[in-house]
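The values are calculated or read from the model by the stated rules, or taken from the named source; none is laboratory data. Model, not experiment: these values are computed from the prediction. Reconstructed Cβ throughout: ideal geometry from the backbone, glycine too, with neighbour counts over all protein chains shown. Heavy atoms of the whole protein, side chains included, go into the accessibility calculation; ligands, DNA and RNA do not. Shrake-Rupley method; radii C 1.70, N 1.55, O 1.52, S 1.80 Å.
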Amino acid sequence: MTKKILLAVSLCFLVKVVWSQSEKETRINLINPGIALEYPIGKYSTIEFNVGVGYNYSYPNLNTVFGESGFQWQIAPFIDIQSRKYYNFEKRQSNKKSGSNFIALRYLFYGSRLAGNVRTDQNYSMAIGPTWGMKREYGRWTALFSVGPAYYFDLTGAGGFLPIALEFNFGYRLK
């Protein structure tokens with residue numbers, strides 16, 4: 001299992017991507033409260049570190065202790081790392097629109113739940129997978145959406161595949 005974790009983190013840092021901004025960005029996110037730091041690593045590439053407390057649904061194969069059924073949710077601390085490649089930045093700039101679309105490799109780590117009805121075997125869960133998204137800027141406000149499949153797992157060796165993992169965020173960019 002340790003090899004899977006190391007592989008997931010390594011992939012986030014080693015994937016060759018291209019960036020759409022020349023300056024780093026710090027953002028306070030409101031939907032899943034936290035702070036995001038986005039750093040350029042190439043002409044059209046960035047790596048984003050997002051840390052906070054967020055809402056999450058349960059990964060089906062990880063909830064095995066008490067066998068709850070129905071809709072399952074939790075509020076827990078998270079770390080979200082994305083290596084992004086922005087691919088239509090110039091086209092949107094020529095139309096005087098702010099923001100761009102991207103593809104990314106995403107690694108998501110959730111810690112122990114603070115609230116919710118999920119009681120898992122392990123206090124930690126992770127997910128990794130490709131994602132497609134779009135980021136739009138309205139002055140200093142930023143709206144972000146991404147979707148993609150994810151492989152999720154925990155430290156006990158349990159895991160599974162989620163065909164659709166969603167991310168919504170709305171934040172305020174700091175200078």
For region 124-157, which residues satisfy the criterion of being under 23 Å from Trp73 (Cβ atoms) and either out of contact with any Phe, Trp or Tyr (no Cβ under 9 Å at 6 or more places or on another chain) or β-branched (Val, Ile, Thr) (or both)? Ile128, Thr131, Val147, Thr156
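Is there a residue being among the small types (Gly, Ala, Ser) and modelled with pLDDT under 95 anywhere in region 13-21?
There is at least one residue in region 13-21 that is among the small types (Gly, Ala, Ser) and modelled with pLDDT under 95.
Restricting attention to region 47-59, does a residue exist that is crowded, with 17+ Cβ neighbours inside 10 Å, out of contact with any helix residue (DSSP H, G or I) (no Cβ under 6 Å at 6 or more places or on another chain) and at pLDDT below 65? Give the steps one after another, and end with the answer.
Going residue by residue through region 47-59, those that are crowded, with 17+ Cβ neighbours inside 10 Å are 47-48, 50, 52, 54, 56, 58-59.
Restricting the remaining residues to those that are out of contact with any helix residue (DSSP H, G or I) (no Cβ under 6 Å at 6 or more places or on another chain) gives 47-48, 50, 52, 54, 56, 58-59.
From what is left, the residues that are at pLDDT below 65 are none.
Checked against the condition, which is being crowded, with 17+ Cβ neighbours inside 10 Å, out of contact with any helix residue (DSSP H, G or I) (no Cβ under 6 Å at 6 or more places or on another chain) and at pLDDT below 65, region 47-59 yields no hits at all.
Just for region 132-152: of the residues that are among the aromatic types (Phe, Trp, Tyr) and under 25 Å from Gly111 (Cβ atoms), which one is least open to solvent (accessible area, probe 1.4 Å)?
It comes out as Tyr152.
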Is there any pair linking a residue in region 31-54 that is of a type in the set (Phe, Trp, Tyr) to one that is assigned to a strand (DSSP E or B) and open to solvent by 30 Å² or more (accessible area, probe 1.4 Å), with Cβ under 7 Å and at least six apart or on different chains, and which? Tyr44/Lys85; Phe49/Leu37
Within region 119-131, residues crowded, with 20+ Cβ neighbours inside 10 Å and small (Gly, Ala, Ser) come out as Ser125, Ala127
Every residue in region 111-141 that is over 19 Å from the mean Cα position of the chain (by Cα) and either assigned to a strand (DSSP E or B) or modelled with pLDDT of 90 or more (or both), please. Ala115, Gly116, Tyr138, Arg140
Of all residues being closer than 30 Å to Lys24 by Cβ and open to solvent by less than 80 Å² (accessible area, probe 1.4 Å) in region 153-175, which is nearest to the chain's Cα centre (by Cα)? Just the residue, please. Glu167
